[in-house]
4 protein chains.
Amino acid sequence: MGKFEYSLGLNELKSKEQRLWQSLIGEFMGNLILNFFACGACTQIENGTFKALAFGLAIFVAITIVGHLSGGHVNPAVTIAMLVAGRISVLRALLYIVFQCLGAIAGTGAVKILLDEHYRGSLGHTALETHVTELQGLGIEFFLGLVLVLTVFGACDSNKPDSRYTAPLAIGMSVTLGHLGTIRYTGASMNPARTLGTAFATDNWNAHWVYWLGPILGGVAAALLYTQVLEAKAPPKNT
Amino acid sequence: MGKFEYSLGLNELKSKEQRLWQSLIGEFMGNLILNFFACGACTQIENGTFKALAFGLAIFVAITIVGHLSGGHVNPAVTIAMLVAGRISVLRALLYIVFQCLGAIAGTGAVKILLDEHYRGSLGHTALETHVTELQGLGIEFFLGLVLVLTVFGACDSNKPDSRYTAPLAIGMSVTLGHLGTIRYTGASMNPARTLGTAFATDNWNAHWVYWLGPILGGVAAALLYTQVLEAKAPPKNT
Amino acid sequence: MGKFEYSLGLNELKSKEQRLWQSLIGEFMGNLILNFFACGACTQIENGTFKALAFGLAIFVAITIVGHLSGGHVNPAVTIAMLVAGRISVLRALLYIVFQCLGAIAGTGAVKILLDEHYRGSLGHTALETHVTELQGLGIEFFLGLVLVLTVFGACDSNKPDSRYTAPLAIGMSVTLGHLGTIRYTGASMNPARTLGTAFATDNWNAHWVYWLGPILGGVAAALLYTQVLEAKAPPKNT
Amino acid sequence: MGKFEYSLGLNELKSKEQRLWQSLIGEFMGNLILNFFACGACTQIENGTFKALAFGLAIFVAITIVGHLSGGHVNPAVTIAMLVAGRISVLRALLYIVFQCLGAIAGTGAVKILLDEHYRGSLGHTALETHVTELQGLGIEFFLGLVLVLTVFGACDSNKPDSRYTAPLAIGMSVTLGHLGTIRYTGASMNPARTLGTAFATDNWNAHWVYWLGPILGGVAAALLYTQVLEAKAPPKNT
Ligand SMILES: [Ca+2]
Ligand SMILES: [Ca+2]
Ligand SMILES: [Ca+2]
Ligand SMILES: [Ca+2]
């Protein structure tokens, strides 16, 4: 029963050790930064490299700021992947996702307040391009979630200490890569909270389910693939 | 009273240990590099990615050159944030800011001397875009200062040794991110000295107060948020 | 004869220690990521920087995910260079190449399925520009393979531990560099599997041999040059 | 006299320990890579970011490949700065510069052979823009050499071990920064060998002295400034 309580995470609510509340503020700040700066970058008249760097660097910066507290998920698809991999409790996962969504809403809300309607455009909202069906969009967002979460696992694998120093950069650059590969077709969300934030501000909920199901399925597939097949072996212990 | 003397920093003037004068030359050089190369990049006919990389890489390079001496602030908003966080004395902070401003003036001055008027344009001066009010500009510059200083704290947190090797890169890329997110609206200064340097050379002081108050308020908010909420815990000591 | 068996690698088929099958899945995934995201990036209407970053970041990300399993070759030219340098057995090299090719075919296949024909263009296939002869193309692809494989050796040299933390980034950026230098002329393949993947999907086999022979000859030259001339000396052992 | 012999470096010709010949091949390869890929990038129809990344990444890659042998100067201005700082002997410096120039000539020579005249353009040769005088060009190239060499010293300072892992990246990005800041005006050479290579291939020697004197004066100034003022203090020895 102690085990059951742990996996639900109820004990985290009373624990100072786990710093749950700081983690939640961290996840809130991370998604605020993402939606303020990277979705904000989409309101300018610039090219795809500009946008792709904005999203990747926002994640690099967000993990630099809050990664030590919460793990720096900044994305419900990452959080659910960590839940599937047994790295986080159900309660913590749910609270993370709530605060990620609130952060994204706050970030795009701040952009909306600070920019005259002249500049807002679609506030960086993601949408399916004309000839992309919802099923195709789902497939693209699946691959985006898959590669992002594989990168998170590969960069943070504790049996691969060589990766730790550049892990935030690698994760950020996987986000840039996703945008370079697919931004024209789905907007390359790979992050349900990020899309929720711009959907809320623009009241545009077209194909919204695609941006939740795609990245989350991709993230879950990545969690299974990495932990079952790709994980680095523990180095031999010296006795 | 020894305490009082320390927080004012008067003893630093006689101390060889603290290398105050080298630090001041370092801050001068840092802002000279920023205004020479990055504001210089704005005089060319290139796109937003070009400018955003120039500012971020200038900070990466400046911290690589002088970070070990002065901490590599290269920005009055960072210096005031460090003062609020108790990491630097009042005297040192004031001298840093003076030398940052002199460096920025020298950097843009050198660009002005070396470029025919044909090429100067506005010398990379920051200005509010047409439909951006001063209050909106203040809000945007607040967010820029906030995220820059949060990144400085997150990257340099001594309880997070994994961040130290890429800290100069992370701080530089937070500057690039700020430009990607907001360059169209305020020029994405986030640095009062940088804007003072171009204001001085162009004698354009429109909305100048916005470029001081915004980043400094953001930096102070970041100092409080990071030190009170987000800071990494010290690892347990082994006795 | 034990020696002979080893260099052929037959014993790897029964060894759990070497994790051969995980390595093969790793190489498959690496080339899938490369062809899905980076060749996918070529289907968008963007400039050369966009494409060059996509290929380099795809390699950075792929090595982050699978480098610990297979060495992260993700390229038959790298695998053959490692064979020449005696770092991998014949059997392992052959299997790597098969799975690299299958991964590339799968990656571009997924792009083809997920994108309406409206968007596919040439699916990022490499081709010789009008005024580039096959011999010139061979020379360009030779230099591409040479520098890529020199970077792999330089970054992963075990006598140069300072390089290890940024090795995946350095290798990825050598791929970006190759694209910046030559993308207009041969498409900057430097990777026979990547080109096989798009040739298969578009059924375009023009000058296909150039994209195998060029990078492989370059890779072999790099293996000889690095191991015979450039390799770091082992640090002196303390007895 | 042993001292005199050392500073002239005559003993290096007979020493296997110093690996002089490998170093020279390293410097040759470094400049070949720079002129082949980065000057090659200038023959394509792309923007300033494209070129600036090409030069910076070429240096990052070159140092990754040969930095452990020769120090990875890949630039006569860096070599002369190291000579002034007493880090290299006169003989070694002279030989480095000869092989850097030969490498640059070979690199641009290879581009010329491999590209139809249709594509060659000016082969990436640097030239002063119309309204830039030779004296202004000298000043710009001075600043380029200054900041490049300051970055080399700052990144490689043995009293600053935190910088060592990202040193090749930082040096490369200082080259990118220089291009972002000044490419329109002088071509942002900062490297006499690089310009010699393209001058040789195009037989264009206009203002050639500017591209030698400017970076070298800047490099010498940087060597003096860093070693006399900015150098990190040795950490206290524990006895
Ligand atoms: Ca259709
Ligand atoms: Ca208005
Ligand atoms: Ca021809
Ligand atoms: Ca004139």
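Dividing the summed -39500 (n - 2.57) terms of all DSSP H runs of n ≥ 4 by the residue count of the protein assembly as shown sets its mean residue ellipticity at 222 nm at -21000 deg cm²/dmol. Solvent-accessible surface of protein heavy atoms, probed at 1.4 angstrom with all chains present, puts D:R87, D:R194 in the order D:R87, D:R194, largest first.
Rounded to the nearest 20 debye, the dipole size of chain D about its Cα centre is 640 debye, using +1 on the Cβ of Lys and Arg and -1 on the Cβ of Asp and Glu.
Between B:N159 and A:S158, the simple label model (points 7 Å from Cα in the Cβ direction) yields a spacing of 1.9 nm.
Shielding of peptide A:150-158 by partners, expressed as the average count of other chain Cβ atoms within 10 Å per residue Cβ, is 4.
Copy-to-copy label distances for A:T130, where each label lies 7 Å from Cα along Cα-to-Cβ, are 2.9, 2.9, 4.1 nm in order of increasing length. Its Cα gyration tensor gives region D:111-239 an equivalent ellipsoid; the semi-axes, largest first and in whole Å, are 34, 17, 11. Among the listed pairs B:K51/D:K51; C:K51/D:K51; C:K160/D:K233; B:K233/D:K233, give every one whose C-alpha distance is greater than 18 Å. Flagged as over cut-off: C:K160/D:K233; B:K233/D:K233. Net charge around D:Y185, counting only other residues with Cβ within less than 14 Å of its Cβ (Lys, Arg = +1; Asp, Glu = -1)? Net local charge, D:Y185 excluded: -2.
Report, in whole Å, the centroid distance computed from the Cα atoms of region D:28-62 and region A:128-146. Between the Cα centre of region D:28-62 and that of region A:128-146, the gap is 36 Å.
Peptide C:20-27 is shielded by partner chain Cβ atoms: per residue, an average of 2 of them sit within 10 Å of its Cβ.
Backbone N atoms of region C:178-208 closer than 15 Å to the 7 Å Cα→Cβ label point of C:E117 belong to residues C:202-203.
Averaging the Cα positions of each part gives two centres, and for region C:154-220 and region D:172-239 these lie 30 Å apart. Distances between copies of C:K233, taken at a point 7 Å out from Cα along the Cα→Cβ vector and listed shortest first: 3.4, 3.4, 4.9 nm. For chain C, the Cα gyration tensor yields ellipsoid semi-axes of 30, 20, 17 Å (square root of five times each eigenvalue, largest first, whole Å).
Buried accessible surface for the D/C pair, both sides summed and rounded to the nearest 100, is 3700 Å² with a 1.4 Å probe.
Think of each Lys and Arg Cβ as +1 and each Asp and Glu Cβ as -1; about the Cα centre, that makes the dipole of the protein assembly as shown roughly 2560 debye.
Relative to the dominant Cα principal axis of chain D, helix D:208-225 is inclined by about 30°. Atom-type composition of the exposed protein surface of the protein assembly as shown places 62 percent of the accessible area on carbon and sulfur (1.4 angstrom probe).
For B:N159, inter-copy separations between label points set 7 Å beyond Cα along the Cβ vector come to 3.1, 3.1, 4.3 nm, shortest first.
With protein chains left intact and a 1.4 Å probe, residues in the protein assembly as shown average 37 Å² of accessible area per residue. Over the protein assembly as shown, the reciprocal of the mean inverse Cα-Cα separation, the Kirkwood hydrodynamic radius, stands at 28.3 Å.
So what's the net charge close to C:L196: Lys and Arg +1, Asp and Glu -1, counting the other residues with Cβ under 15 Å from its Cβ?
-1
Taking label positions 7 Å along the Cα-Cβ direction at both A:T133 and C:L91, the computed distance is 4.5 nm, reported to one decimal. Against chain D, whose longest principal axis is taken from its Cα atoms, helix D:134-156 shows a tilt of about 40°. Counting Cβ atoms of other protein chains within 10 Å of each residue's Cβ and taking the mean over peptide A:119-127 gives 1.
The values are calculated or read from the model by the stated rules, or taken from the named source; none is laboratory data. Keep in mind that this is a model prediction, so the values were computed, not measured. Neighbour counts are summed over all protein chains in view; Cβ atoms, including those assigned to glycine, are modelled from backbone coordinates with ideal geometry. All accessible areas refer to the heavy atoms of the entire protein, side chains included, with ligands and DNA or RNA removed. Shrake-Rupley method; radii C 1.70, N 1.55, O 1.52, S 1.80 Å.
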